[in-house]
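Please treat every number below as a calculation from the coordinates, not as lab data. Everything numeric here is computed off the predicted structure, so don't read it as measured data. With ideal geometry, Cβ positions are generated from the backbone for all residues, glycine too; neighbour counts draw on all protein chains shown.
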Amino acid sequence: MKKKVCVVIASRANYGRAKVLLQKIKNSKKLELQTVLAASSLLEKYGDLREILKKDKIKVNAEAFIVLEGENTLTMAKSTGIAIVELSSIFNNLKPDMVITIGDRYETIATAIAASYMNKILIHIQGGEITGSIDESVRHAITKLSHLHFASTVKSRNNIIRLGENKRNVYFSGCPSIDILSENNRKKLSHYVKKIGVGSDININNPFYLVVFHPVTTKYEKSYKQTQILINSIIRLNKQVIWLWPNVDAGSDGISKCIRINREKNKLDKFRFFKNFPVEIYNELLKSAHCLIGNSSSFIREASYLGSPSIIVGDRQLKREKSKNVGLVNFQENEIYKIVKKYEGKKFKKSRIYGDGKASARIVKILERLREINIQKSLNY
């Protein structure tokens with residue numbers, strides 16, 4: 001009998017990291033894939049993923065609408081509670097043997113709480129990573145609720161073991177998001193950028209920046225001001241800009257408002273904005289951009305594998321493991337301008353710090369041979 005593996009996808013980033021893993025679980029002769037879409041992955045505002053999964057032939061077994069409007073700390077806390085309630089009911093109906101959760105967000109910890117309280121084997125991907133933000137606290141809490149761990153880096157694996165987890169249940173797999181980066185989608189990228197999005201026309205054969213800027217939830221009230229500084233810096237750089245809309249975290253309204261006001265003032269004549277990208281298109285942007293600017297973890301994780309020049313603005317990713325392709329800068333207009341000029345257009349040596357592109361195959365192989373795991377974790381020590 002196949003073991004039921006339930007994967008909760010809560011955002012566009014979640015799916016980008018899990019796509020190859022989902023396909024390999026689906027194709028396994030020993031595993032049965034169950035997919036749950038939740039949170040912003042179901043909202044048109046943030047790029048509804050249902051059509052994308054349908055196109056990719058990934059069946060959606062259940063949906064969980066759990067996001068409260070407001071994009072502040074109160075709505076994040078309440079959305080977490082709603083998510084626990086909804087996911088508990090879904091797990092009760094689907095009856096999975098294992099539940100996979102990815103990353104460090106409020107939807108991720110809701111998945112972990114629901115699954116662990118229902119005595120499901122909880123599998124965590126991307127545990128042990130250090131960032132210095134609230135996400136780090138959430139990630140470590142998920143680690144202590146989880147029974148099986150797949151770390152993206154060697155250092156992360158060691159961190160998980162130092163947190164007290166049984167080293168026999170902690171694997172260095174690499175990050176599944178790396179697994180899809182070898183595909184070439186240059187022609188698809190050109191078509192997509194021309195047909196989708198709002199703003200100025202972009203010619204991808206000329207230098208362009210890719211900007212992904214999310215709010216820092218512990219400083220969400222500063223999001224508007226930080227976005228304005230970032231916009232001012234990029235305007236001075238005088239190149240084409242592809243800008244991906246922020247995620248659902250507290251403070252995203254401030255970012256969105258700042259963008260809209262600047263557009264209404266006709267200040268963004270070389271900017272084009274997008275709600276979402278299919279993962280293949282997004283990865284092609286990571287490869288092709290003259291420089292990556294913002295605070296997305298993909299600018300560290302995937303970009304390190306590609307050797308793409310990347311500028312991380314602010315402290316959302318402050319303590320995350322980085323390669324030489326990444327430059328750090330605070331919210332100071334002149335400093336942002338100078339560091340982008342220093343990094344743009346360069347190609348850095350490709351790093352394998354986050355894996356070699358075979359993470360999903362490793363994870364599935366381990367899940368296939370998994371016989372039994374003791375969820376009474378104290379007996380493991």
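Quick look at the numbers
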{"item": "Sites N238 and V154 - FRET efficiency at Förster radius 45 Å, r taken between beta-carbons, to 0.05", "result": "0.65"}
{"item": "Spin-label proximity, E372 to the range 149-193 - amide N less than 17 Å from point 7 Å beyond Cα toward beta carbon", "result": "169"}
{"item": "Gain in span if fully extended, M118 to N334, counting 0.36 nm per residue against the direct Cα distance", "result": "72.5 nm"}
{"item": "Calculated FRET efficiency for the pair K346/N206, C-beta based, R₀ 30 Å, to 0.05", "result": "0.95"}
{"item": "Given charges at beta-carbon only (K, R positive; D, E negative), |dipole| of the range 183-328 in Debye", "result": "280 debye"}
{"item": "Mean Cβ count within 10 Å, highest first, over the residues of peptides 205-213, 34-42, 239-247, 55-63", "result": "34-42, 239-247, 205-213, 55-63"}
{"item": "Value of [θ]222 nm, deg cm²/dmol, for the chain, DSSP H segments ≥ 4, -39500 (n - 2.57) each, nearest 500", "result": "-12500 deg cm²/dmol"}
{"item": "Among beta bridges that DSSP assigns inside the chain, antiparallel share in %, nearest 5", "result": "5 percent"}
{"item": "Whichever aspartates and glutamates have a C-alpha closer than 16 Å to that of K347, once near sequence neighbours (fewer than 8 apart) are set aside", "result": "E284, E302"}
{"item": "0 to 90° range, to nearest 10: angle between helix 333-343 axis and the chain longest Cα axis", "result": "80 degrees"}
{"item": "Cβ charges +1 (Lys, Arg) and -1 (Asp, Glu), total dipole of the range 1-153, debye", "result": "920 debye"}
{"item": "Cβ-based charge dipole, the range 186-343, positive-most Cα from S200, A250, Q228", "result": "S200"}
{"item": "Dipole moment magnitude, nearest 20 debye, the chain about Cα centre, only Lys, Arg, Asp, Glu C-beta charged", "result": "1300 debye"}
{"item": "Residue list for the range 164-179, given a label point 7 angstrom along the Cα-to-Cβ vector of A361 and an amide N cut-off under 17 Å", "result": "172-179"}
{"item": "Mean Cβ neighbour count within 10 Å, used as a protection proxy, ranking 302-308, 128-134, 162-168, 25-31 highest first", "result": "302-308, 128-134, 25-31, 162-168"}
{"item": "Lys/Arg +1, Asp/Glu -1 at C-beta; the range 139-231 dipole; positive extreme among H149, S177, L210", "result": "H149"}
{"item": "Inter-centroid distance (Cα atoms) of the range 90-127 relative to the range 6-51, Å", "result": "13 Å"}
{"item": "The chain: angle of helix 12-27 to the longest principal axis, Cα-based, in degrees nearest 10", "result": "40 degrees"}
